[in-house]
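Just below is one structure, and these are the notes that go with it.
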Amino acid sequence: MTVKDVKEILKAEIICGEENLDTEVRTACGADMMSDVLAFVKDQSVLLTGLVNPQVVRTAEMMDMHCIVFVRGKVPDESVISLAKERGEIVLLKTPYRMFTACGLLFSNGLRGGCDI
Amino acid sequence: MPEKITLKYAVDGDDFTKAGLASSDLKHTLKQIGYDPGFIRRVAIAVYEGEINMVIHAGGGEITADIAPDKVEVWLADSGPGIPNVELAMREGYSTAPIDVHELGFGAGMGLPNIKKYTDDLQIDTTVGVGTTVYMLINNN
Ligand SMILES: Nc1ncnc2c1ncn2[C@@H]1O[C@H](COP(=O)(O)OP(=O)(O)O)[C@@H](O)[C@H]1O
Ligand SMILES: [Mg+2]
């Protein structure tokens, strides 16, 4: 699916990165612990999180992720948004859904975790 | 590229929101040189976890990165409290981070294990009350 599909499935609003909605995404990761995200170097493209601090953007950047979804309608402040803009290609979305539901919706629409066990 | 490039970064220990600047710049430089994305990601994650540790546990410090075609070596040196028991610190889930660090997405005790996972060599030289130098080697193969 594309970032645009993620946006639609999650009834999300775009915070920034509109120009990159056509980016293809295959795997996602839902976490509030950034070290848990950093523990799997696989090509995860979407990060769902309840945190809104700059380290979320940094983590996505280190992982080459394309999209961050803030759950429960949370919005990061301007400094976090400008950090994402600086980094280029990252799309920031906010969804009214809570973490579990947001992950479930994406999974049932074909997105996977990307870390096989 | 020349045989070797050395980059140095001062890491501010007072501002958690800035943590990651050095890792970000290093990653950017590696990208410009044209390294393999998987290799860059390993370097970026390991150095980022190390940089975060410097900020949350040691009040900042200095990062030196030696970039060569076949490897990247990084030294993260701080004058923080040191690590009394390195073996314990290396365990998954062991953390002395204050609880407010959790709000920032860190402090789960996974940083050093992550660094170990992504590096080809990891050496922690530490003295309680003096500071810590974390050395990491990532081979480009
Ligand atoms: N640079 C450092 N200076 C002092 N103590 C450190 C440093 N890096 C790591 N530590 C110690 O090692 C522990 C484990 O580190 P880590 O695995 O990164 O987990 P976390 O950072 O989540 O606590 C830390 O909680 C801290 O006690
Ligand atoms: Mg850590």
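Readers should treat all values here as calculations from the given coordinates under stated rules, not as data from a laboratory. As the structure is a computational prediction, the values presented were derived from the model and not from experiment. Note: ideal-geometry Cβ built from the backbone for every residue, glycine included; neighbour counts use all protein chains shown.
Tabulated values for the structure
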{"item": "Extreme residue, nearest to the chain's Cα centre (by Cα), among residues of segment B:1-42 that are within 14 Å of A:Ala60 (Cα to Cα) and among the hydroxyl-bearing types (Ser, Thr, Tyr)", "result": "B:Ser23"}
{"item": "Positions within segment B:1-16 being crowded, with 16+ Cβ neighbours inside 10 Å and of a type in the set (Val, Ile, Thr), in sequence order", "result": "B:Val11"}
{"item": "Segment B:62-88, residues that are within 14 Å of ligand 2 (Cβ to nearest atom) and crowded, with 24+ Cβ neighbours inside 10 Å", "result": "B:Leu76, B:Asp78"}
{"item": "Residue count for segment B:29-54, restricted to those that are more than 10 Å from every other protein chain (Cβ to nearest Cβ), among the aliphatic types (A, V, I, L, M) and touching a helix residue (DSSP H, G or I) at 6+ places or on another chain (Cβ under 8 Å)", "result": "1"}
{"item": "Number of the exception - B:Asp14 against (1) out of contact with any Leu (no Cβ under 9 Å at 6 or more places or on another chain); (2) closer than 24 Å to A:Leu51 by Cβ; (3) more than 10 Å from ligand 1 (Cβ to nearest atom); (4) within 13 Å of chain A (Cβ to nearest Cβ)", "result": "(4)"}
{"item": "Within segment A:3-49, tally of residues that are out of contact with any Leu (no Cβ under 8 Å at 6 or more places or on another chain) and more than 14 Å from chain B (Cβ to nearest Cβ)", "result": "10"}
{"item": "Matching residues, segment A:50-75, being within 11 Å of chain B (Cβ to nearest Cβ), buried (at least 24 other Cβ atoms within 10 Å of the Cβ) and among the β-branched types (Val, Ile, Thr)", "result": "A:Val56, A:Val57, A:Thr59"}
{"item": "Selection count where residues are in a loop (DSSP other than H, G, I, E, B) and within 14 Å of ligand 2 (Cβ to nearest atom), scope segment B:101-132", "result": "6"}
{"item": "Residues being near ligand 1 (Cβ under 6 Å from one of its atoms) and either touching a residue at least 40 places away in the same chain (Cβ under 8 Å) or within 12 Å of chain A (Cβ to nearest Cβ) (or both) - total across segment B:95-108", "result": "5"}
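Conditions (1) in a helix (DSSP H, G or I); (2) without any contact (Cβ under 8 Å) to a residue 40 or more places away in the chain; (3) among the aromatic types (Phe, Trp, Tyr), marked per residue:
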position	(1), (2), (3)
A:Asp36	yes, yes, no
A:Gln44	no, no, no
A:Leu51	no, yes, no
A:Gln55	yes, yes, no
A:Ala60	yes, yes, no
